[in-house]
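Inspection log for the structure reproduced underneath, given as structure tokens.
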Amino acid sequence: MLVLGIETSCDETAVALIRYRSDGGHDLVGELISSQNDIHQQYGGVVPELASREHLKNLPLLLDSLLERAGLKINEIDLIGVTQGPGLKGCLLIGLSFARGLAEASVRPLLGVNHIEGHLLAPRLDNPGLNFPYLCLIVSGGHTEILEVKDVGKYELIARTQDDAAGEAFDKSANLLSLPYPGGARLAALADSVASSRFKLPKVMREQSGFSFSGLKTAFLLLVKKHEAQLGEQQIRAELAHAAQEAIVDTLVFKLSQAIKERGIKRVAVSGGVAANRRLREAISKLRGVESFFPINLHSTDNAAMIAYVAGERHRAGIRSEDLSAQARWPVELCSV
């Protein structure tokens, strides 16, 4: 079975092909991603209208290029999977409309995929040894949550952010240090340039069940203002970045450790854009008695390979899409069967 995946939930236009073998395994035939960072950089964030236009322009070009590189034709595809939500409504509609047209023209089945379910299963895409059940920490610019992944289509929410996501905390902290967009990765690089920091930020949300980063953002704002006169010094800026990263990572690891203890599950996966963060990977890998799994960096961020994989897995499990409307908000636990 050859599965095409299409991803347009935000500002990454992506397509991918996965082939399922007769032994149940899978091979990634190819994938292409078109980033829009250069377009949105001047605005300091994603402009939905511009992102939608780029998807409309890039999707047919990427698909043609992907098929040409793989030496395949559109009628050789057996199944199409497309991100249905959550995400920016206009961006989702472009991807869904494109996928519907392909499905009707080629007379192939179409499956709508929850973008977060893609992140939940992405670690299995690159780690065949990751078996069910496992805990998955999803950390990105828009999402921070921990779920128990019991099987394909069987997810239970454990904790979710009550306000801002971890990726947003990275980006806002970067903005306070005047780092250019996209700021999260730049803040991490600056933080990693020093081994320690003289600055400390409060430990947040220790007692409550969910995540919250709004208080941490405020604390960092006050810390930066306190040392505003020294922001021209590279060492000070690096130590401030280090303090912000340590506080965010500490919160994530603390909540994940709580979930591991409560559930008694020793297999842990981390996914989403922030999963590529070196410090977070290092901290989780050091958890005693825990097996940790991470997607490759390309599959940590938004990509179509995880969408194709989810579509293939749900199709093999006999799960079909009854509603293919765009879902700007779509909690992944509602996809459980």
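Please treat every number below as a calculation from the coordinates, not as lab data. Computed from a predicted model, the values in this text were never measured in an experiment. Cβ coordinates were reconstructed from backbone atoms using ideal geometry, including for glycine residues, and neighbour counts include every protein chain displayed.
Quick notes
- Compared with the rule-of-thumb size 2.2 N^0.38 Å for a compact globular protein, the range 37-177 has a Cα radius of gyration ratio of 1.23.
- The chain: radius of gyration over Cα atoms, expressed as a fraction of 2.2 N^0.38 Å: 1.00
- Think of the chain as a dipole: +1 on every Lys or Arg Cβ, -1 on every Asp or Glu Cβ, centred on the Cα centre; then among Ala247, Leu137, Gly118, Ala247 lies furthest on the positive end.
- Ordering of 176-189, 299-312 by packing is 299-312, 176-189, highest average first (other Cβ atoms within 10 Å, averaged per residue).
- Percentage relative contact order, the range 134-294, counting C-alpha pairs under 8 Å, at least six apart: 28 percent
- A straight chain from Ala195 to Leu221 at 0.36 nm per residue would run longer than the Cα-Cα distance by 7.2 nm.
- Amide H within-cut-off set for Phe293, under 5 Å, with H built and near neighbours excluded: Val268, Ala269, Val270
- Seen against the Cα atoms of the chain and their longest principal axis, helix 89-106 is set at about 20 degrees.
- Crossing angle, helix 214-226 versus the chain [Cα axis fit, 0-90 degrees, rounded to tens]: 40 degrees
- Placing +1 on each Lys and Arg Cβ and -1 on each Asp and Glu Cβ, with no other charges, gives the range 164-204 a dipole about its Cα centre of roughly 240 debye.
- Protection proxy ranking, peptides 198-208, 138-148, average beta carbon neighbours within 10 Å, highest first: 138-148, 198-208
- Under 5 Å, built H, 5+ apart or other chain: amide partners of Thr8: Thr83
- Loop trypsin sites (Lys or Arg not before Pro), the range 1-99 (other Cβ atoms within 10 Å of the site Cβ: 13 or fewer; DSSP): Arg21, Lys73
- Label-to-label distance, nm, for residues given as Ser22 and Leu287 (7 Å Cα→Cβ offset): 4.0 nm
- Sorting Thr161, Thr13, Thr83 from the fewest to the most surrounding beta carbons within 10 angstrom yields Thr161, Thr13, Thr83.
- Gain upon complete extension [Ile74, Ser106; 0.36 nm per residue less C-alpha separation]: 10.8 nm
- Relative contact order of the chain, defined on C-alpha pairs under 8 angstrom at six or more residues apart (%): 25 percent
- If the convex hull is drawn through the Cα atoms of the range 154-208, its volume per residue in Å³: 146 Å³
- Reciprocal mean inverse distance between Cα atoms of the range 134-294 - Kirkwood radius, Å: 16.0 Å
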